[in-house]
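Here the structure is laid out as structure tokens; the discussion comes afterwards.
The values are calculated or read from the model by the stated rules, or taken from the named source; none is laboratory data. As the structure is a computational prediction, the values presented were derived from the model and not from experiment. Because the Cβ atoms are built from the backbone with ideal geometry, glycine has one as well, and the counts that use them run over all protein chains shown.
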Amino acid sequence: MRVVVQGGGRRGRRAGLAGVLWGAAELAVTVGVVVLLLVVHQVWWTNRQALAGAHAEVRELERRWTVPSDPGPGAGAGAGVGAGGGPDTGAGDGDGAGSAAEQPPSGAPPVSASRTPAPAKESAYGVLRIPRLGVVVPVAQGVDKRTVLDKGFAGHYPGTAQPGARGNFALAGHRNTHGEPFRYIDRLRAGDELIVDVRGQRYTYVVGRTLAQTSERDAGVIAPVPRSTVRPEYGYDEPGAYITLTTCTPEYTSRYRLVVWGTLRE
């Protein structure tokens, strides 16, 4: 006698479908955990690393500033050549040639010779302090992400003025991740201080104006006399000694730029 089993094929198909769904669920959970770990690494761990490195760089700069400068060999009879007796040929890009972009534009006030000379490319040479926000961040030459900004530094735009000089001392910094030194610069208000320390010198700027949002290609905001080319009602009209802070906006995006301007307190 033959026994016929009813419904075996249907149960097998159901079991197979359940297995597929279970496997898909396990894969989704695994992918979710990996993505979560990547987010934690990017948002939390890179912040800790960059912040610790930036603070260590500030301490190292301040330590070096307390050590008398070594004039080096030949500083006796040869003194004055390249050390005040001739033009400074140090370029913002560190190539020692000086580019046309780093020269004052026609009609602009001359840069004071007593101000900070252009440092080597991508090297930290100053400290920016923002008392209202409790920010203390090293300033390095250049705005390369990997070698400057991702270290938690504020990057000095090549071709813009040096601290304390006539023109526009323009800086960029991350708003999120990698130390995020400029995360809260939208909280700055007119009258807040922006202090820049370089060996033997302190320059205090006073916040005057802000631009909540502009295009990433708005080069006017870092011009010698800063004025937005996208929103020309924002900016300045007269030559002076300015500071500009730029960062991305909205948070966790890089679509637009947030700008804070200040002027040097003489």
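Quick notes on this structure:
- Selection from segment 125-157 of residues that are hydroxyl-bearing (S, T, Y) and closer than 17 Å to Q49 by Cβ: T147
- Applying the criterion of being assigned to a loop (DSSP other than H, G, I, E, B) and within 20 Å of the chain's Cα centre (by Cα) to the residues of segment 197-234, the residue that is farthest from F182 (Cα to Cα) is P224.
- Scanning segment 190-215 for residues that are in contact (Cβ under 8 Å) with a residue 60 or more places away in the chain and not aromatic (F, W, Y) yields D192, E193, L194, I195, V196, D197, V198, R199, G200, Q201, T204.
- Remark: pairs (first residue in segment 38-63, part of a helix (DSSP H, G or I); second residue at pLDDT 90 or above and loosely packed, with under 12 Cβ neighbours inside 10 Å; Cβ separation under 9 Å; 6+ apart in sequence or on different chains) = V43/Y252.
- Test result for R199, among the basic types (K, R), out of contact with any His (no Cβ under 8 Å at 6 or more places or on another chain) and surrounded by fewer than 15 Cβ atoms within 10 Å (Cβ to Cβ): yes
- Count of residues meeting criterion [at pLDDT 95 or above and either closer than 22 Å to A190 by Cβ or assigned to a loop (DSSP other than H, G, I, E, B) (or both)] in segment 118-135: 8
- Residues within segment 145-196 that are within 18 Å of G262 (Cα to Cα) and not in a loop (DSSP other than H, G, I, E, B), tallied: 16
This table checks each residue for (1) at pLDDT below 95; (2) in contact with a strand residue (DSSP E or B) (Cβ under 9 Å, 6 or more places away or on another chain); (3) buried (at least 21 other Cβ atoms within 10 Å of the Cβ).
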residue: G191; (1), (2), (3): no, yes, no
residue: T204; (1), (2), (3): no, yes, no
residue: Q213; (1), (2), (3): no, yes, no
residue: G220; (1), (2), (3): no, yes, no
residue: P226; (1), (2), (3): no, yes, yes
residue: D237; (1), (2), (3): no, yes, no
residue: Y242; (1), (2), (3): no, yes, yes
residue: T253; (1), (2), (3): yes, no, no
residue: W261; (1), (2), (3): no, yes, yes
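- Residue in segment 179-189 that is nearest to S123 (Cα to Cα), counting only those that are touching a residue at least 60 places away in the same chain (Cβ under 8 Å) and surrounded by fewer than 24 Cβ atoms within 10 Å (Cβ to Cβ): E180
- Verdict on D237 being over 17 Å from the mean Cα position of the chain (by Cα), over 23 Å from L128 (Cα atoms) and not hydrophobic (A, V, I, L, M, F, W, C): yes
- For segment 222-246, a tally of residues being touching a residue at least 40 places away in the same chain (Cβ under 8 Å) and either of a type in the set (D, E) or closer than 11 Å to A170 by Cβ (or both) returns 9.
- Evaluation of D237 against the conditions (1) in a loop (DSSP other than H, G, I, E, B); (2) closer than 24 Å to A52 by Cα shows that the sole unmet condition is (2).
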